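Readers should treat all values here as calculations from the given coordinates under stated rules, not as data from a laboratory. None of the values given here were measured: they were computed from a predicted structure. Here the Cβ positions follow ideal geometry from the backbone for every residue, glycine too, while neighbour counts run over all protein chains shown.
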Amino acid sequence: MLRRDFLRLSSAAAGLSVVPIGSHAWAAVNPQGAERRFVVVLLRGAVDGLNVVVPHAETAYYDARPTIAIPQPGRPGGALNLDGRFGLHPALASLQPFWRDRSLVFIHACGSPDPTRSHFDAQDYMESGTPGVKSTPEGWMNRLLAQLPGKRESTSAVAFGPTVPRILSGRLNVANVPSGRAADQPMPIDRPIVDAAFNQLYGGSDPLSRAYQEGMRMRARVLADLEADMEQADNGAPSPVGFAMDTGHLASLVRKDPAVELAFFDLGGWDTHVAEGASDGQLANHLKPLADGLAVLAKDLGPAYRDTVIVVMSEFGRTVHENGNRGTDHGHGNVLWVMGGPVNGGRVYGAWPGLDVGRLYQNRDLAITTDFRSALSLILARHMRLSPHALAQVFPGAPPAPAAVAGIVWS
């Protein structure tokens, strides 16, 4: 069996991904580095940023979307006014308190400079951090993990989902746990007969055995924290399925394990070609649990929220004009969400290009004025204290951040 095949098999059995990084992997984490956390939420399918942060002051927006535009603030089903130019989709009402306390910002007209309209390629570029380059072997969050100060713990980076995503793949150890109800469900490896067989087969000190043993230790540690929290919170009642459950689990892990520095979630269902809806409907039904989950995370983190930055991004935006099916097609520019204690919030950042036909990308899409890598680099420099050299390792070739986003995170 090839080494990569064994790692894939043992990772699936253990519910974790394991890539050994040497004997120092289990040393104590740098306490100072562990005080800062960075969370990424990827909305797979390309969320409609124009209906998330609504340019309600632009006539062109309403002209282009006769059935799916969000009404202006103050009207039935209207956008929640942010700054007089932009408003928030009403399904995101649970995020309003964070806008008011200035721990939430949006960067509009942000995204990947690559022109692809393929979900597969665009997501790959957003996760590799190298738009237009398909040969990048690892994800940018794994490169980020390598640049953080101090030694890494087994739970320094956690992904919620059945497998380690592209964005966290690479040479450093990453733990992943199932999401939703699957988080506390037994897996084949939990059957005593299977567990005993694997322990006997990989009980030695060779590299493959050590990889398996690391995976089992990581899984036991994470699930023990989750189990204790769920038993206390459930009080005998079944837990609801959804994003809020997962964000609650992450907050519990952070409270119990200060080694957690990076976390990742991905959510599907944002490809709204048909019947997107306006204030109500398909998009709204996805936005509400997303907002509620983010609110739960912020609340349950408690004091740790002061040292946490949460980013929500998607592979590209949607067309400015609605299509014949009352939906939107694959577009270009989008909106980046940034939330957390270190955020200089209460503003919509970015150079807004406008929606007049002459200003659209390829005459159909919101143009991009902020490369997502430059925005993330600015956050990582100020929040995670990365040096220019370290940032170049995480996002090679990224352009400098434009002045329009310079103040998004406090230095």
**Complete:** Across 5 Å bins beginning at 0, the whole-percent shares of Cα-Cα pair distances in region 252-314 come to 3, 13, 23, 20, 15, 10, 8, 5, 2
**Request:** Within 10 Å, count the other beta carbons around each residue, average over each peptide in 336-343, 386-393, and list them highest first.
**Result:** 336-343, 386-393
**Request:** Name the long-range amide H neighbours of Val47: under 5 Å, sequence gap of 5 or more, or other chain; modelled H, no Pro or chain starts.
**Result:** Glu315, Phe316
**Request:** Provide the net charge surrounding Phe372, with neighbours chosen by a C-beta distance below 13 Å and charges set as Lys +1, Arg +1, Asp -1, Glu -1.
**Result:** -3
**Item:** Distance in nm between pseudo-label sites at Gln147 and Arg100 (7 Å out along the Cβ direction from Cα)
**Value:** 3.7
**Request:** Could I have the simple spin-label model distance between Arg85 and Asp356, label points 7 Å from Cα toward Cβ, reported in nm to one decimal?
**Result:** 1.5
**Message:** In whole Hz and in residue order, list the ³J(HN,Hα) couplings for region 348-363 that follow from phi through the Karplus curve 6.51 cos²θ - 1.76 cosθ + 1.60, θ = phi - 60°; x for Gly and Pro.
**Reply:** 9, 8, x, 7, 7, x, x, 10, 4, 3, x, 9, 7, 6, 6, 6
**Complete:** Most packed first (mean Cβ within 10 Å per residue), the peptides 360-368, 121-129 order as 121-129, 360-368
**Item:** Asp307, Asp371 arranged by Cβ crowding within 10 Å, fewest neighbours leading
**Value:** Asp307, Asp371
**Request:** State the extension gain, in nm to one decimal, for the chain segment bounded by Ser135 and Ser205, taking 0.36 nm per residue of separation less the distance between their alpha-carbons.
**Result:** 21.9 nm
**Message:** I'd like the Karplus ³J(HN,Hα) series for region 156-164: coefficients 6.51, -1.76, 1.60, θ = phi - 60°, whole numbers in Hz, and an x wherever there's a Gly or Pro.
**Reply:** 4, 10, 10, 10, 9, x, x, 9, 6
**Request:** Just grab the label-to-label distance for Ala93 and Asn325, each label 7 Å out from Cα along the Cβ direction, in nm (one decimal).
**Result:** 3.1
**Distance cut-off 27 Å, percentage of C-alpha pairs in region 267-406 lying past it** = 32
**Item:** Peptide ranges 247-253, 69-75 listed from the most packed, as the mean C-beta count within 10 angstrom indicates
**Value:** 247-253, 69-75
**Complete:** Residue span Ser118 to Asp63: 0.36 nm per residue of separation minus Cα-Cα distance leaves a gain in nm of 17.1 nm
**Request:** For Arg306 and Ala196, calculate 0.36 nm times their separation in residues minus their Cα-Cα distance, and state this gained length in nm to one decimal.
**Result:** 35.2 nm
**Message:** For a Förster distance of 30 Å, can you work out the FRET efficiency between the beta-carbons of Trp410 and Gln72, rounded to the nearest 0.05?
**Reply:** 0.40
